[in-house]
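Structure, as structure tokens:
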Amino acid sequence: MNLTATPTDPGALRTIFATIPQSVVALAGLDATGDPKGLAASSFTTISLAPPLVSVAMAHTSTTWPTLRRLPRLGISLLSDAQETVCRALSAKTPDRFAGLNWQATANGAVLFDDAVATMECCLVEELPAGDHTIALLHIEALGSEPDRAPLVFHGSGFRRLAVPTPAARTVV
């Protein structure tokens, strides 16, 4: 392996980071007026089983995170391969990102998208500064999954789809 670039070269970093497949999630909740607010992120990470923790990182330039961080509950929807339009809508700079999208709100105000691979209702535990991003550490309060749905993946600066093996082809290690 030939190391020819430096970590201070943003172009080289983007190229390297684009080689890492990442899940795509929607992070959303109802604001004080009952309107849905949300964003799409490809920086979702599982953290801990006990307690149940996950994290999502948002750029400091996010105009949505300041609203979401104040909400009592947030929904995380791991988007399926049929939900690229959800990701694009939540990434758009439009006033109503939720127009035409299928979602439900929990009794606690977390917004979850229909047809997701997995959904979680969470509350914010802590925010950690991380360079040009903020890492939100979230405690999972409730969850659900549809494991036979294939996830939407961001890789090589584009959306990819993974094949989910049939139940007979799955092996447990």
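Within 20 Å of I140 (Cα to Cα) and in contact with a strand residue (DSSP E or B) (Cβ under 8 Å, 6 or more places away or on another chain): does that describe L90?
Numbers: within 20 Å of I140 (Cα to Cα): no; in contact with a strand residue (DSSP E or B) (Cβ under 8 Å, 6 or more places away or on another chain): yes.
For L90, the condition - within 20 Å of I140 (Cα to Cα) and in contact with a strand residue (DSSP E or B) (Cβ under 8 Å, 6 or more places away or on another chain) - is not met.
So which of S80, S55, S91 is farther than 12 Å from A26 by Cβ, of a type in the set (G, A, S) and under 14 Å from the mean Cα position of the chain (by Cα)? Walk me through it before giving the result.
Numbers: S80 fails: farther than 12 Å from A26 by Cβ; S91 fails: farther than 12 Å from A26 by Cβ.
The match here is S55.
Can you tell me which residue is nearest to A150 (Cα to Cα) among those in the range 71-98 that are in a loop (DSSP other than H, G, I, E, B) and modelled with pLDDT of 95 or more? Show your work before the answer.
From the range 71-98, those in a loop (DSSP other than H, G, I, E, B) are 71-73, 79, 81-83, 92-98; that's our starting set.
Still in the running and modelled with pLDDT of 95 or more: 71-73, 98.
Numbers: L71: 30, P72: 30, R73: 26, F98: 22 Å.
Filtering first and then ranking leaves F98.
Which number in (1) under 17 Å from A89 (Cα atoms); (2) of a type outside the set (S, T, N, Q); (3) modelled with pLDDT under 95 marks the one condition that R14 misses?
Answer for R14: the failing condition is (1).
Is it true that P129 is at pLDDT below 90 and within 21 Å of V54 (Cβ to Cβ)? Give the steps one after another, and end with the answer.
On the way: at pLDDT below 90: no; within 21 Å of V54 (Cβ to Cβ): yes.
So P129 does not fit the description; no.
Can you name every residue in the range 23-36 that is under 14 Å from the mean Cα position of the chain (by Cα) and either surrounded by fewer than 20 Cβ atoms within 10 Å (Cβ to Cβ) or under 15 Å from V117 (Cα atoms) (or both)? Steps first, answer last, please.
Of the range 23-36, the ones under 14 Å from the mean Cα position of the chain (by Cα) are 23-29.
Selection gives S23, V24, V25, A26, L27.
Residues of the range 97-119 being without any contact (Cβ under 8 Å) to a residue 60 or more places away in the chain, crowded, with 19+ Cβ neighbours inside 10 Å and β-branched (V, I, T), which ones?
V117, T119
Checking the structure you have, find out if any residue of the range 120-143 is at positive phi and surrounded by fewer than 12 Cβ atoms within 10 Å (Cβ to Cβ).
In the first step, residues of the range 120-143 are kept if they are at positive phi; the result is 131.
Checking which are surrounded by fewer than 12 Cβ atoms within 10 Å (Cβ to Cβ) leaves us with 131.
Yes - at least one qualifying residue is present in the range 120-143.
The values are calculated or read from the model by the stated rules, or taken from the named source; none is laboratory data. Being a predicted model, the structure only gives us computed values, none of them experimental. Using ideal geometry, Cβ is built from the backbone for each residue, glycine included, and neighbour counts are taken over all protein chains shown.
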